[in-house]
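Read through the structure below, which is laid out as structure tokens, and then see the notes.
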Protein chains: 2
Amino acid sequence: MQVASWNVNSVRTRLGHVTDWLKDNPDVDVLCLQETKVVDTDFPKAPFEELDYHVYIYGQKAYNGVALISKAPLEEVRMGFGAILDQETVGDLDDQKRVISAVLDGVRILNLYVPNGSSIGSEKYAYKLRWLAVLKQYLSKTLEETTKLNVCGDFNIALENKDIYTDEKRDKHIMSSPTERETLAEILTIGLADAFRKFTDAGGHFSWWDYRAASFRRNMGWRIDHHYLSPELYEQATRCWIDIEPRKLEKPSDHTPVIVEY
Amino acid sequence: MQVASWNVNSVRTRLGHVTDWLKDNPDVDVLCLQETKVVDTDFPKAPFEELDYHVYIYGQKAYNGVALISKAPLEEVRMGFGAILDQETVGDLDDQKRVISAVLDGVRILNLYVPNGSSIGSEKYAYKLRWLAVLKQYLSKTLEETTKLNVCGDFNIALENKDIYTDEKRDKHIMSSPTERETLAEILTIGLADAFRKFTDAGGHFSWWDYRAASFRRNMGWRIDHHYLSPELYEQATRCWIDIEPRKLEKPSDHTPVIVEY
DNA sequence: GCTGCTGCAG
DNA sequence: CTGCAGCAGC
């Protein structure tokens, strides 16, 4: 089974890229999309259904939005933190559509778009940390019911120095600050491990390159899109890789797909 | 000597089209641009200067804006009505940057972007008529000092029925209403004649096609961009034509160049 | 409708 | 550098 994660930065603008990629990657069973940037009524379901995929969406206008594109029908589809956490815990966090999950062949696939956080100390940064605190509760509760969990998506955090093209300003940069790293590392202690690092020790592998400053051409990237697996799945994992080809296309997303196989 | 008029609908968005067109039309001495939509500090002068043109600009943020692009340096450059009319007459009309003129080889080239007027009876329509009243004074005063005057630009008025693709709703449509036509015709009585009509009697020649309803493909156009010449220049005129090629490009302006030669 | 701009977000 | 909303113009 293969699961892919791809922040497409607007599913409508990137529709051709995404359907082309699915055609080129017929072994991918579930494609997890982030930043679809579209309300559910306007999501282009037909192009995927015509390729015999099932589509599960949780979107909003202009920002955020997540989706699951699957060859087989999915079970137990859940949208938002509120699906399993009480309202008091969730608060307003589900106003932004960042969480969708479902089960395929006994594996819960959990697709996330973690807040970016803007800059250290900003209001959006506080939101990111608050969101991650609730995420931990959400994942803990999920792990109470399943031993096969694949948490993937755009985490907007690069855990290790080798996951970033440079060491400059690292500690003060959003996505690599000590607090963010510690927060994510702490979440993973509940029983999740990075599928990519099971197979690849080297740095220089990235999943996101800023649109600015020609950073893709200069390979000034970050590895911020991840597949985190529960122990049982981690054991079963046979591959995890980044496909940089879509980032080379005309008008690409700034992210590129990350695929795990188990 | 050749003078061209082109409403480019954003000189920054159309920069490639404009420089390409200049390269393809090396005999054009002065290119008059309208709707440059950029403040003077942000006008892309360098690409024109690298092609050895001189650039004279009178712009504002987001709306309107006119410019003169010239192979030779221009003399007596004037911006706005206020350059020769008293402030009492001009009022607030120079808040919108719609008038620039200069002299080349004894010919005053006067580049206009006449207000569109939105719809008959609207506030913008009243502004258009008020603007045209002041234009008449401005042109009269200009004709007191020169016998060689080339007034060109986007007039947002089609003087004759054959200058529009259809007769439908003509009288109630902005750009072809009787009042607008009479107002422009009255202005021309001070001593200006349509260079295009010296050479071409037929209808079906247009300079503007709405972006909507595939109107260019269906040739649903209007001839609203003009060169009006003082008698001496009109006598000397050897050609006047519309180049529809730029309207066929990707992401074109809705207008296309009109060129006069004398 | 179709485009361009501002302003925001990433 | 890109996408979107909201606006304005035509």
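Before moving on, here are some points about what is shown:
- A dipole drawn for segment A:184-262 from +1 and -1 charges on Cβ atoms has a positive end, and of A:TRP209, A:VAL258, A:PHE196 the residue lying farthest that way is A:TRP209.
- Remark: the protein assembly as shown carries a charge dipole of roughly 120 debye about the Cα centre, counting +1 on each Lys and Arg Cβ and -1 on each Asp and Glu Cβ.
- All alpha carbon pair distances within the protein assembly as shown were sorted into 20 Å bins beginning at 0; the resulting P(r) in whole percents reads 20, 34, 26, 18, 1.
- With at most 14 neighbouring Cβ atoms within 10 Å, loop GluC sites (Glu not before Pro) (DSSP) excluded, longest segment of chain A: A:51-143
- Label-point separation in nm, B:ARG239 to A:GLN96, each point 7 Å along Cα→Cβ: 6.0 nm
- Most mobile listed residue (A:LEU110, A:LEU85, A:LEU139) in chain A, GNM with C-alpha springs under 10 Å: A:LEU85
- Virtual paramagnetic centre 7 Å along Cα→Cβ of A:ALA72, amide N under 17 Å, in segment A:1-43: A:1-4, A:26-32
- Over chain B: Rg over Rh, Cα atoms, Kirkwood Rh: 0.93
- Which of B:MET175, A:MET1 is most accessible, then next, and so on - probe 1.4 Å: A:MET1, B:MET175
- Reported to the nearest whole Å, the Cα centre-to-centre distance from segment B:85-136 to segment A:26-79 is 53.
- Computed E for B:ASP201/B:ALA126 - FRET, C-beta separation, R0 30 angstrom, nearest 0.05: 0.30
- Accessible heavy-atom area order of B:ARG170, B:ARG212, highest first, probe of 1.4 Å: B:ARG212, B:ARG170
- Heavy atoms of A:MET79 accessible to a 1.4 Å probe, total area in Å² rounded to 10: 70 Å²
- Distance between modelled label sites at A:SER10 and B:THR147, nm, 7 Å Cα→Cβ extension: 5.8 nm
- Within the accessible area of chain A (1.4 Å probe), percent carbon and sulfur: 48 percent
- Distances in nm from A:GLU49 to the matching label points in the other copies, shortest first (labels 7 Å along Cα to Cβ): 5.8
- Computed over chain A with a Gaussian network model linking Cα atoms closer than 10 Å, the most mobile of A:ASP29, A:ASP194, A:ASP105 is A:ASP105.
- Mean ellipticity per residue at 222 nm, deg cm²/dmol - from DSSP H runs of n ≥ 4 across chain A, formula -39500 (n - 2.57): -6500 deg cm²/dmol
- The listed residues B:LYS23, A:LYS136, B:LYS172 rank as B:LYS172, B:LYS23, A:LYS136 when sorted by accessible area, largest first, using a 1.4 Å probe.
- Ranked from shortest, the separations from the 7 Å Cα-to-Cβ label point of B:ALA133 to its equivalents in the other copies are 6.7 nm.
- Label spacing, shortest first and in nm, from B:THR147 to its equivalents in the remaining copies (7 angstrom along Cα→Cβ): 10.4
- For chain B, the solvent-accessible area works out to 43 Å² per residue, with a probe of 1.4 Å and every protein chain left in place.
- For segment A:1-108, the mean projected area of the C-alpha convex hull, equal to one quarter of the hull surface, is 6.6 nm².
- Pairwise FRET efficiency - B:THR41 versus A:ASP52, Cβ, R0 = 56 Å, nearest 0.05: 0.55
- B:TYR125 - accessible surface, heavy atoms, 1.4 Å probe, Å² rounded to 10: 20 Å²
- Restraint check, A:LYS97/A:LYS136; B:LYS71/B:LYS97; B:LYS61/B:LYS141; B:LYS71/B:LYS128; A:LYS37/B:LYS248, Cα-Cα greater than 21 Å: B:LYS71/B:LYS97; B:LYS61/B:LYS141; B:LYS71/B:LYS128; A:LYS37/B:LYS248
The values are calculated or read from the model by the stated rules, or taken from the named source; none is laboratory data. The structure displayed is predicted, hence computed values, not measured ones. Positions of Cβ are generated from backbone atoms using ideal geometry, with glycine treated the same way; all protein chains shown enter the neighbour counts. Each accessible area value is taken on the protein alone, full model and side chains, heavy atoms only, with ligands, DNA and RNA left out. Shrake-Rupley method; radii C 1.70, N 1.55, O 1.52, S 1.80 Å.
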